[in-house]
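**Q** Structure in structure tokens, see below.
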Amino acid sequence: MAASIGLFFMPLIEISEVGISVIDILKINGGAFDFGGGIEGSILQDVQNYLDSYAPRIFIFLYVIFAEAFNIAILEKKKAFLVAIVGWIINNIVAVGSCIWIKAKINEVKSAISFFDVSKIIRFCTTTIFLWIVLYVLILLIAIYGIKSQEAVQMGTSVKDFNGGVLGASRRFQGVKYLFHESCQIFFQYENGQVQIRKEKGMNSVADIRFFKEYQKYCVEPLEHLSIFLESGQPLGENRKYYLPRGCKIVIKESENTFILA
């Protein structure tokens with residue numbers, strides 16, 4: 001996450017041959033930037049006038065990124081990955097909003113300088129924008145993989161060797177953890193109000209649960225009418241296959257029998 005600060009030093013706007021980074025915008029606001037001469041210097045001074053109010057936002061954005069990086073460094077792994085995802089959302093919302101705002105200001109500069117066609121010499125630097133996109137795609141992929149890895153560790157195995165599993169999510173099954181074997185399949189039995197997990201299908205089986213390693217998803221097939229529900233209460237149709245992501249909760253008959261697809 002902190003690596004994104006490095007992009008603040010790369011050109012965001014290009015005025016002719018002059019690259020203006022986010023840090024340069026701070027320098028312009030503080031009067032520490034050399035405008036030079038010629039038409040570029042004149043345009044840069046106009047840019048200063050239009051971007052004067054942007055410096056406080058940059059400082060706040062930098063503070064947020066530092067805070068995210070600090071929390072990622074000190075929190076336990078799963079929480080750190082969750083912070084990374086939240087930071088990913090916040091940073092990209094701010095970045096997109098900032099680009100839209102700066103573009104609007106650039107358009108104002110273009111409108112103000114009517115005696116000279118500046119549309120060809122004022123533009124966004126696509127390289128920096130591309131690197132930002134690549135960096136944040138990597139951050140998102142790493143965070144998602146990290147969360148899944150931690151879930152697998154919680155189940156007592158690695159992602160590569162993980163064959164599926166269920167965790168008890170209701171008071172009745174609190175602390176219950178069941179790992180699938182190499183078949184990547186289990187059956188839920190329901191008899192006399194009691195739920196049991198079996199490796200093979202029986203007379204009282206109400207659900208067939210399979211884990212597909214290559215897709216990291218579960219296939220849930222209810223074997224009885226109104227036997228399996230989603231956490232929202234939506235029933236799953238008998239003898240139909242439903243592909244659900246890891247972390248999804250399913251209910252066997254009643255809410256006291258709630259399990260997480262690990």
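The values are calculated or read from the model by the stated rules, or taken from the named source; none is laboratory data. As the structure is a computational prediction, the values presented were derived from the model and not from experiment. Heads up, the Cβs are rebuilt from the backbone with ideal geometry, glycines too, and the neighbour counts pull from every protein chain shown. Ligands, DNA and RNA are excluded from the accessible area calculation, which covers all protein heavy atoms including side chains. Shrake-Rupley method; radii C 1.70, N 1.55, O 1.52, S 1.80 Å.
**Q** Consider LEU261 against the criteria (1) open to solvent by 30 Å² or more (accessible area, probe 1.4 Å); (2) under 24 Å from TYR145 (Cβ atoms); (3) touching a Cys at 6+ places or on another chain (Cβ under 6 Å): it satisfies all of them except one. Which criterion is unmet?
**A** (1)
**Q** When you scan region 193-216, do you find a residue that is assigned to a loop (DSSP other than H, G, I, E, B), open to solvent by less than 30 Å² (accessible area, probe 1.4 Å) and on the phi > 0 side of the Ramachandran plot, even just one?
**A** yes
**Q** Condition first: among the hydrophobic types (A, V, I, L, M, F, W, C), modelled with pLDDT under 80 and either surrounded by fewer than 14 Cβ atoms within 10 Å (Cβ to Cβ) or within 30 Å of GLU256 (Cβ to Cβ) (or both). Now tell me which residues in region 126-161 satisfy that. Steps first, answer last, please.
**A** Quick first cut of region 126-161, residues among the hydrophobic types (A, V, I, L, M, F, W, C) only: 129-135, 137-144, 147, 152-153, 155, 159.
Now drop any that are not modelled with pLDDT under 80, which leaves 147, 152-153, 155, 159.
Selection gives ILE147, ALA152, VAL153, MET155.
**Q** Mind checking which residues of region 217-244 are over 19 Å from SER255 (Cα atoms) and surrounded by 14 or more Cβ atoms within 10 Å (Cβ to Cβ)?
**A** First, the residues of region 217-244 that are over 19 Å from SER255 (Cα atoms): 217-219, 239-243.
Hits for region 217-244 are LYS217, TYR218, CYS219, TYR242.
**Q** Oh, and also: Tell me which residues, restricted to region 76-97, are under 11 Å from ALA143 (Cβ atoms) and of a type in the set (Lys, Arg).
**A** Those that are under 11 Å from ALA143 (Cβ atoms) and of a type in the set (Lys, Arg): LYS77, LYS78.
**Q** Mind listing whichever residues of region 162-192 are touching a residue at least 60 places away in the same chain (Cβ under 8 Å) and small (Gly, Ala, Ser)?
**A** Answer for region 162-192, where residues must be touching a residue at least 60 places away in the same chain (Cβ under 8 Å) and small (Gly, Ala, Ser): GLY164, GLY165, GLY168, ALA169, SER170.
**Q** Could I ask something else about it? Have a look at ILE209, ILE252 and point out the one that is within 23 Å of GLN150 (Cα to Cα) and in contact with a strand residue (DSSP E or B) (Cβ under 8 Å, 6 or more places away or on another chain). Even if it seems obvious, please write down each step before you answer.
**A** On the way: ILE252 fails: within 23 Å of GLN150 (Cα to Cα).
None of the other options fit; the residue is ILE209.
**Q** Before we move on, is GLU238 in contact with a His (Cβ under 8 Å, 6 or more places away or on another chain) and part of a loop (DSSP other than H, G, I, E, B)? Spell out how you get there, then give the answer.
**A** Details: in contact with a His (Cβ under 8 Å, 6 or more places away or on another chain): yes; part of a loop (DSSP other than H, G, I, E, B): yes.
Criteria met by GLU238.
**Q** With the structure loaded, tell me whether ILE102 is modelled with pLDDT of 70 or more and either in a loop (DSSP other than H, G, I, E, B) or open to solvent by 60 Å² or more (accessible area, probe 1.4 Å) (or both) or whether it fails that test.
**A** no
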